[in-house]
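Report on the structure given below.
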Amino acid sequence: MIELQGTSIFLRELTVDNVTPEYIGWLNDPEINQYLESRFTHHSIESVREFVAKKKESETEFFFGIFLKNSQKHVGNVKIGPINREHAFATMGIFVGDKTSWGKGIASEAISLIIHFAFTCLQLFRVDAGVYEKNTASLRTFQKNGFVVEGRRRMHRVTHDGRTSIILLGILREEWEALNP
Ligand SMILES: CC(C)(COP(=O)(O)OP(=O)(O)OC[C@H]1O[C@@H](n2cnc3c(N)ncnc32)[C@H](O)[C@@H]1OP(=O)(O)O)[C@@H](O)C(=O)NCCC(=O)NCCS
């Protein structure tokens, strides 16, 4: 079981035992899921257990829980994958479900841990991410970690208060190395 240690959090591969009613509540909460594609599905313990079990079997995706170091509390998830081995890149996604953990640097630290894993253990050349333009907090966390805006898909998605663009982000290994000598 892979575990990545940070300062205030650690990432550990998610198992079906981590699928609790609280986690299901995050997925179904319209404030939390407003910028996530998963909001179009209703989630249950059974459906999410099945989802997590599939991710665990996958050879092209790593699906981690974000846990607080001081309490071991599960507060969100971060994923890297699908991994394209031929071209050495992968897409990542992040989700902090526990609202009391927002604004404390947790997403920023989780992104930092996952890109370290991507460029060292997985030997990737680049990591991609996509963010709804309205999701300013998410955009900020990626940019703080050295992701560069590479494009903008104009008015690509529908939200509860109108359409929004998708901001396409990426970081190259050499850029990450320059920031983490
Ligand atoms: C968006 C999300 C990932 C941010 O996580 P977080 O742990 O609160 O983020 P952090 O504390 O690491 O950093 C947030 C940064 O955004 C800034 N920020 C927070 N809210 C903001 C807002 N409304 N507008 C602008 N910036 C904002 C913070 O000031 C901080 O930047 P700073 O360190 O320069 O001050 C989290 O709220 C979340 O998972 N939301 C639900 C799911 C989601 O939207 N996931 C992202 C999909 S791409």
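The values are calculated or read from the model by the stated rules, or taken from the named source; none is laboratory data. Source: prediction; values computed, not measured. FYI the Cβ positions are ideal-geometry reconstructions off the backbone, even for glycines, and counts take in every protein chain you see. Side chains included, ligands, DNA and RNA excluded: accessible areas come from the protein's heavy atoms. Shrake-Rupley method; radii C 1.70, N 1.55, O 1.52, S 1.80 Å.
A few notes on this one:
- Dipole of the chain, positive direction: furthest Cα of Ala107, Thr164, Phe67, with charges on the beta-carbon: Thr164
- A straight Cα-to-Cα reach below 18 Å connects Lys73 with the lysines Lys99, Lys104, residues fewer than 8 places away in its own chain not being considered.
- Sites Glu31 and Ser108 - FRET efficiency at Förster radius 30 Å, r taken between beta-carbons, to 0.05: 0.90
- A Förster radius of 30 Å combined with the Cβ-Cβ distance from Cys121 to Asp17 puts the calculated FRET efficiency at roughly 0.80.
- Using θ = phi - 60° in the Karplus curve 6.51 cos²θ - 1.76 cosθ + 1.60, the 3J(HN,Hα) couplings for the stretch 111-123 round to 5, 4, 5, 6, 6, 4, 4, 5, 8, 9, 5, 7, 6 Hz; x is entered for Gly and Pro.
- Cα centroid of the stretch 112-135 to Cα centroid of the stretch 84-108, whole Å: 8 Å
- Taking the accessible area of the chain, probe 1.4 Å, and keeping the other protein chains in place, the carbon and sulfur fraction comes to 53%.
- Across every direction, the projection of the convex hull enclosing the Cα atoms of the stretch 140-181 has a mean area of 3.4 nm².
- From phi via Karplus (6.51, -1.76, 1.60), per-residue ³J(HN,Hα) for the stretch 137-152 in Hz, x at Gly/Pro: 5, 5, 4, 4, 5, 5, 5, 4, 8, x, 5, 10, 6, 10, x, 8
- Two numbers describe the Cα atoms of the stretch 3-129: Rg and Dmax, which are 14.1, 40 Å.
- Accessible area per residue in Å² at 1.4 Å probe, computed on the chain: 53 Å²
- Positive-end extreme of charge dipole, the stretch 3-129 - chosen from Pro21, Cys121, Leu36 (charges on Cβ): Cys121
- Across the stretch 27-41, computed HN-Hα scalar couplings (Karplus, 6.51 cos²θ - 1.76 cosθ + 1.60, θ = phi - 60°) run 5, 9, 8, x, 6, 6, 9, 4, 10, 10, 5, 5, 5, 7, 10 Hz from first to last residue, x flagging Gly and Pro.
- Euclidean distance between Cα centres, the stretch 41-75 to the stretch 1-24, Å: 7 Å
- Label point distance in nm, Glu86-Ile2, each placed 7 Å from Cα along Cα→Cβ: 2.2 nm
- Extension gain for Glu177 to Arg153 (0.36 nm times residue separation, less C-alpha to C-alpha distance): 5.8 nm.
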